[in-house]
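Visitor: Okay, handing you the structure first.
The values are calculated or read from the model by the stated rules, or taken from the named source; none is laboratory data. Computed from a predicted structure; not experimentally measured. Here the Cβ is made from the backbone with ideal geometry for all residues, glycine too, and neighbour counts use every protein chain on show. Please note that ligands, DNA and RNA were not included when accessible areas were found on the heavy atoms of the full protein model with its side chains. Shrake-Rupley method; radii C 1.70, N 1.55, O 1.52, S 1.80 Å.
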Amino acid sequence: AGSRPSCWARAPRRRASAAGLAVWYRSLTSGEPLPPSHWARQPIRQISGRSLDKDLQLTLFQYQTCPFCCKVRAYLDYSGLAYNIVEVNSVSRQQIRWMTDYRKVVLKDSSVIMSALESRIRDPSQSLAQLRLCYPGIVGEEGGKLTYPNRYFVMQPATRKSKKWRQWVDDVFVHTISPNIYRTLPEALDSFRWFDKAGDWEKCFTPAERALVIYTGAAVMRLVSMRLRSKYNLHRDVRKSLYNELDAFLLNGVGKRRFRGGDRPDLSDLSMYGVLTAMEGTAAFSTLWTTVRS
């Protein structure tokens, strides 16, 4: 597989977010066989684009409107990479059960996925099999949570502000999303009905599975959103917290530039854009769009 690349200094230990996704890849250097259960369900979509290696196949196991999944899709699309999409049943998760036996070909953290792929694009001499060694997972002392200290580090120079705002998106802004999407039970139900359409669930799941995900998911996420509002001290009117954090990114991050990264979007811009698209089609997004335009 070649020599291991030098890795970057460890960042402060922190908790990894539950991305609800994985990118699977296979190359001759990894020597990993294709898991039989991978093809139990065909990819719901195949996105055309360029391939990093002729032996490389990227498959995104996702929840269509998960903010972290949206963030990875935004990066993959902007980079013009070819990849397949497999929609995961958020209740049974049967599409990703095989992953525990194939850890060597799986990247589960959205920020690690973006950093590893960006590193590969910047340095074609390194394979993903090599680069993934630069993102070791560490089990934290508190609660046994798995963390990735180097998740925001990219091969070749990357500005500190890019890392800062990528982390801000994961640690601050993303926690305003669910409380706004699932602000009330009716809004939660409407959102899941939209997810059903946006995710083409009728092509992935049986009618019974779809009904279970929609009604169970809406009830569960409404409760989760209430806990998140309390945990992260959001305003009682969660819309205000959403607008305030968006203003913080635009004023303190982007400023007078076209993008936070300057003339072209960087990883922090793509992270912010991707997370925002998780709300697309919901009442929260409609309200946000109207407010921004006014």
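Visitor: Does residue 284 satisfy being among the small types (Gly, Ala, Ser), within 22 Å of residue 178 (Cβ to Cβ), surrounded by 15 or more Cβ atoms within 10 Å (Cβ to Cβ) and at pLDDT below 95?
Guide: So residue 284 fits the description; yes.
Visitor: Across segment 71-114, what is the total count of residues that are open to solvent by 40 Å² or more (accessible area, probe 1.4 Å) and at pLDDT 90 or above?
Guide: Count: 2.
Visitor: Here's something else I'd like to know. Going through segment 172-194 one residue at a time, which ones are more than 16 Å from residue 276 (Cβ to Cβ), assigned to a helix (DSSP H, G or I) and in contact (Cβ under 8 Å) with a residue 60 or more places away in the chain?
Guide: Residues satisfying the conditions are 187, 190.
Visitor: Another question, if that's okay. State whether the residues of segment 196-219 include one that is part of a helix (DSSP H, G or I), within 18 Å of residue 279 (Cβ to Cβ) and among the polar types (S, T, N, Q).
Guide: Checked against the condition, which is being part of a helix (DSSP H, G or I), within 18 Å of residue 279 (Cβ to Cβ) and among the polar types (S, T, N, Q), segment 196-219 yields no hits at all.
Visitor: Still on this structure, please answer the following. Of all residues in segment 240-275, which are assigned to a helix (DSSP H, G or I) and open to solvent by 40 Å² or more (accessible area, probe 1.4 Å)?
Guide: Across segment 240-275, the qualifying residues are 240, 243, 244, 245, 247, 250, 251, 252, 273.
Visitor: Any chance you could count how many residues in segment 191-222 are open to solvent by less than 40 Å² (accessible area, probe 1.4 Å) and not small (Gly, Ala, Ser)?
Guide: The qualifying residues number 8.
Visitor: Further, regarding this structure: Given the options 230, 225, name the one that is modelled with pLDDT of 95 or more, open to solvent by 40 Å² or more (accessible area, probe 1.4 Å) and assigned to a helix (DSSP H, G or I). Reasoning before the result, please.
Guide: Numbers: 225 fails: open to solvent by 40 Å² or more (accessible area, probe 1.4 Å).
The conditions single out 230.
Visitor: Here are some residues: 58, 117. Which one is modelled with pLDDT of 90 or more and either closer than 27 Å to residue 264 by Cα or not basic (Lys, Arg) (or both)? It would help to see each step written out before you state the result.
Guide: Working: 58 fails: modelled with pLDDT of 90 or more.
When all the criteria are applied, what remains is 117.
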